[in-house]
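These notes concern the structure reproduced below.
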Amino acid sequence: MFSSGESMMVGNDILDIGTAKHEQRQQQMGAGTGAMCPTAIQFVGEPGQFDVPNVPDPAAFCRANFASASGNKDSNQAIKFAKGTTTLAFKFNGGIIVSVDSRSTMGAYIASGTVKKVIEINPFLLGTMAGGAADCSFWERNLGTQCRMYELRNKKRISVAAASKLLANTTNAYRGYGLSMGTMITGWDETGPQLYYVDSDGTRLKGNMFSVGSGSTYAYGILDNYYRKDLTVEEAIDLGKRAIYHATHRDAYSGGINNLYHVTKGGWTKIHAIDVNDMHYEFMEEKKNAMEQST
């Protein structure tokens, strides 16, 4: 057992578990359990710290108890991720639209209806959240720190490609440790508007349009029908708004508030935050009027 003065927080040294380097450090620390639990005094202030299970092999424990680490199957895990969200982003001639919902769920339980699923990394970079809220929030804020350090070292703003690669490197390093992330990194740099998808498997994809989450199939249905490269800003905003509305209407795990951002050469701007219930009645009235005109 560990005394109350000791911390269960570790840094990037967790990646050494199972290696000779880790065993040597354990011997030096005099720990007897095999779990990597250094004292707070030795590691105070170390960046990227988080809790790990107090067991001899944390990695094996995570693989056995987290669905995202043991594959898309039910292995009678002690902890199961039951996720639900809808996020989307697309490029057009006028910049980039990022549109998300705000519902946080754990299965049928709605934990919150006002989650901010767009992380404002810096005035020119945005990230979206899908999967584990804590994982996405922590690592995208960590990405913000890395981007700021890049600016200080190189005296220039980091590119979207480099920022997305930093996040992909992080998720790849922690692959198999139970992270649950499906994010989009988007912004405007020297090469123009850029959009990347990054997930907890270390996957990194460049594209013009992405939608992530349980409601993404419904959002894609709207985007595939109405997306054009030459959309006006007003049309693009309306498309992002409608795609999220239809996803929240059909997907029980999405809902709440539609937060929509527009990214241009001058940086990102938050366009609106509209309750999807208000959008429902707006579009229902629009549909009713259209049907009356057609008869």
TODO: Pop a pseudo-label 7 angstrom from the Cα along the beta-carbon direction at both residue 285 and residue 217 and give the gap in nm to one decimal.
DONE: 3.3
TODO: Give, in whole angstrom and from largest to smallest, the semi-axes √(5λ) of the equivalent ellipsoid of the range 117-172, with λ running over the eigenvalues of the Cα gyration tensor.
DONE: 19, 12, 9
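Report the gain in length on full extension from residue 149 to residue 292: 0.36 nm times residue separation, minus Cα-Cα distance, nm rounded to one decimal. Provide the component values of the computation, followed by the final result.
Values: separation 143, 0.36 × 143 = 51.48 nm, distance 5.85 nm.
Going from the current span to full extension adds 45.6 nm.
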TODO: Pop a pseudo-label 7 angstrom from the Cα along the beta-carbon direction at both residue 238 and residue 138 and give the gap in nm to one decimal.
DONE: 4.3
Open item on the list: I'd like the carbon and sulfur percentage of the solvent accessible area for the range 186-227, probe radius 1.4 Å, heavy atoms only, ligands and nucleic acids excluded.
Closed with: 47
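Computed FRET efficiency, Cβ-Cβ of residue 108 and residue 54, R0 25 Å: what is it to the nearest 0.05? If you can, show how the numbers build up before the last one.
Details: r = 31 Å, r/R0 = 1.25.
Rounded to the nearest 0.05, the efficiency is 0.20.
What is the calculated FRET efficiency for residue 226 to residue 265, with r their C-beta to C-beta distance and R₀ = 30 Å, to the nearest 0.05? Don't jump to the answer; show the numbers that get you there.
On the way: r = 25 Å, r/R0 = 0.83.
After rounding to 0.05, the efficiency reads 0.75.
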Open item on the list: A 22 angstrom limit on the alpha carbon distance is what I want to check against. Which of 117/165; 165/206; 165/270 exceed it?
Closed with: 165/270
- [ ] Provide the net charge surrounding residue 136, with neighbours chosen by a C-beta distance below 15 Å and charges set as Lys +1, Arg +1, Asp -1, Glu -1.
- [x] -1
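Go through 83/265; 265/287; 229/287 and tell me which ones have a Cα-Cα distance over 28 Å in this structure.
Values: 83/265 34 Å; 265/287 36 Å; 229/287 26 Å.
Exceeds cut-off: 83/265; 265/287.
Can you tell me the accessible area per residue over the range 103-188, all protein chains present, probe 1.4 angstrom, in square angstrom? Kindly include the intermediate steps, with their values, before the conclusion.
Values: 3780 Å² over 86 residues.
Ligands and nucleic acids excluded, the figure is 44 Å² per residue.
How long is the gain from residue 250 to residue 203 if the chain were fully straight, where each residue apart is worth 0.36 nm and the alpha carbon distance is subtracted?
Numbers: separation 47, 0.36 × 47 = 16.92 nm, distance 2.79 nm.
Value of the extension gain: 14.1 nm.
The values are calculated or read from the model by the stated rules, or taken from the named source; none is laboratory data. Only a predicted model underlies this, so the values are computations on that prediction, with no experimental measurement involved. Reconstructed Cβ throughout: ideal geometry from the backbone, glycine too, with neighbour counts over all protein chains shown. With ligands, DNA and RNA removed, areas are computed over all heavy atoms of the protein, side chains included. Shrake-Rupley method; radii C 1.70, N 1.55, O 1.52, S 1.80 Å.
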